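Below is one structure; the comments refer to it alone.
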Amino acid sequence: MTEPSHLGRIGAGLTGCCIAICLQVIAAAGQAEIVQRDSRQAAIAFAEHVEAMIATLPVEREHFEMRINRCEGAKGEMRDDIYAVWIGTRLVAEQDNADRVLVAVLDDWRARGWAITRNRLLDNDGINIASVDPVTGNSHSLDSGFAPHPRRYIVGYFSTACLQEPSGTAAFGPIGRNEPRPESTATRSP
């Protein structure tokens, strides 16, 4: 599928958002003991978590990317064994109701007791929301409001808390999974 030119701007415009989320994860690394977990297994488990969340939404998934990124250690050091799993996704609200979808997600996060770190309504009816699960430390961010269809596109960024690779070196960079990807969640209802 060829992407319209505005979708390229969506990815470029959200780089700052990704950096902000990664900085939250880095800051959290110094505050708690880092759990040891195989980076590939952690990536697969986190992808299943994100996929399950997306499956509950009345959206179609256009893009899903997974990476293993570096995290800062407890003393501010960068090491080969400290990492976080990051997932970026682009979703389409076929009913041009991204704003309502994100309000429902925000209500769900609040009901779960998650810390809401961003809840912003944009002038163009877009919504930017973010939260942290207090149990896992995982961060979740969903944004709408992208020109020319502010109620159609949703971009999500998800990141685990910092983890430690027991083998000594995490598999940094893009990572794929062997499991088949669901074709579409567009037929699901809220």
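The values are calculated or read from the model by the stated rules, or taken from the named source; none is laboratory data. Remember, predicted model here, so these are calculated numbers, not experimental data. Methodologically, a virtual Cβ is constructed for each residue, glycine included, from the backbone with ideal geometry; neighbour enumeration extends over all protein chains shown. We work out accessible area using only protein heavy atoms, side chains counted, and drop any ligands, DNA or RNA first. Shrake-Rupley method; radii C 1.70, N 1.55, O 1.52, S 1.80 Å.
Considering every alpha-carbon pair of region 38-173, the percent of pairs per 5 Å bin, from zero through the bin containing the longest distance, is 2, 10, 19, 20, 18, 13, 9, 6, 2, 0. Carbon-plus-sulfur accessible fraction, region 95-172 (probe radius 1.4 Å, protein heavy atoms only): 49%. Diffusion coefficient (Stokes-Einstein, Kirkwood radius over C-alpha pairs, 4 °C, 1.567 mPa s) for region 62-103: 99 µm²/s, rounded to a whole number. Per residue, the accessible area of region 34-85 comes to 47 Å², computed with a 1.4 Å probe over protein heavy atoms only.
Between Gln95 and His149, the contour length at 0.36 nm per residue exceeds the alpha carbon distance by 18.3 nm. Per residue, the accessible area of region 105-165 comes to 42 Å², computed with a 1.4 Å probe over protein heavy atoms only. Packing order of peptides 115-123, 157-165, 45-53, highest average first: 157-165, 45-53, 115-123 (average count of other Cβ atoms within 10 Å over each peptide's residues).
Of the peptides 83-93, 64-74, the order by per-residue mean of other Cβ atoms within 10 Å, starting with the highest, comes out as 83-93, 64-74.
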